[in-house]
Amino acid sequence: MTRKEKNQSLLVNGVSAVMLAANWYIFIFVMNRISVNATSLAYMLCPIITTILAYVFLGDRLSRVQWIAVFLSLCSCIMLGFGELRDVFYSFIIGLTYAIYLVLQKNNMQLDRFFTLTFQIVVASLILAPFFGYQEPLPEKGFYFYGIIFLIAGFFTILPMFLNVYALNKLSSSTAGIFIYLNPILSFLLAIFYFHEPMSQLKIWAYSIVFFSVILFNSELLYQLMLKPVRE
């Protein structure tokens, strides 16, 4: 790598680490101090923000059908955030930080993906380290607590992040971003069928629109996959 490429790579990965640290900290803060709904709404807004940033800065081109899907997703977010402006504000900040992170990873391919992710996580951890002294006193934490933390950090955080970054080798940022909608959709299905939580008619309509928009956004890809076995 030339000196310019080294500096550019260091800058991209440094900013990526800052975005990760901000996303993690704000997410946890909002989850504990604002509302769970705000964190769920954040991952509804994130794909929309990612798609727009990818269109503006990466030149990702979307078809008319895909723009319709983005518009439908935006409508569903407005429905879910109706009457909760504070939740929408915090959700936008969470979604924006992760969307910037995703867009930065698209052309961040000079180094090994796993090494890059390790560097970003280490730097993000160093950024968050000073906040450790400001935490509230907690009761004694046992094996169960640390076991759950290890499971969340390893299996539900690092592994999905690695797969997400790796997927950007083949997928556009817009497509990778839109698949984030699978997260709140699965949470919605678990809430209804497993936890039997009551759902308002508005939320059911909003999540149904999201599910339809995901299929619509990827309709061309799904159509090609369906034709492939026929051609073979």
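Rule-based calculations on the coordinates, nothing more; no lab input. Just so we're clear, the structure is a prediction, and the values are computed from it rather than from any experiment. For neighbour counting, all protein chains shown are included, and Cβ atoms are generated from backbone atoms with ideal geometry for every residue, glycine included.
Here are a few things to note about the model shown:
- Boolean, Ile94 is among the aliphatic types (A, V, I, L, M), without any contact (Cβ under 8 Å) to a residue 12 or more places away in the chain and in a helix (DSSP H, G or I): no
- Residues satisfying the stated conditions in region 52-72, i.e. touching a residue at least 12 places away in the same chain (Cβ under 8 Å), closer than 21 Å to Tyr223 by Cα and part of a helix (DSSP H, G or I): Val65, Gln66, Ile68, Ala69, Val70, Leu72
- Qualifying residue in region 46-66 (condition: touching a Cys at 6+ places or on another chain (Cβ under 8 Å), among the hydrophobic types (A, V, I, L, M, F, W, C) and under 17 Å from Ser213 (Cβ atoms)): yes
- Some residue of region 84-92 being under 13 Å from the mean Cα position of the chain (by Cα) and over 26 Å from Glu220 (Cα atoms): yes
- Candidates Phe71, Phe115, Phe57: the one that is surrounded by fewer than 16 Cβ atoms within 10 Å (Cβ to Cβ), under 20 Å from Tyr166 (Cβ atoms) and either touching a Pro at 6+ places or on another chain (Cβ under 7 Å) or among the aromatic types (Phe, Trp, Tyr) (or both) is Phe115.
- The set of residues in region 97-122 that are of a type in the set (D, E, K, R), touching a residue at least 40 places away in the same chain (Cβ under 8 Å) and not in a helix (DSSP H, G or I) contains only Lys106.
- Residues in region 1-31 that are farther than 18 Å from Ile100 by Cβ, among the polar types (S, T, N, Q) and surrounded by 11 or more Cβ atoms within 10 Å (Cβ to Cβ): 1 in all.
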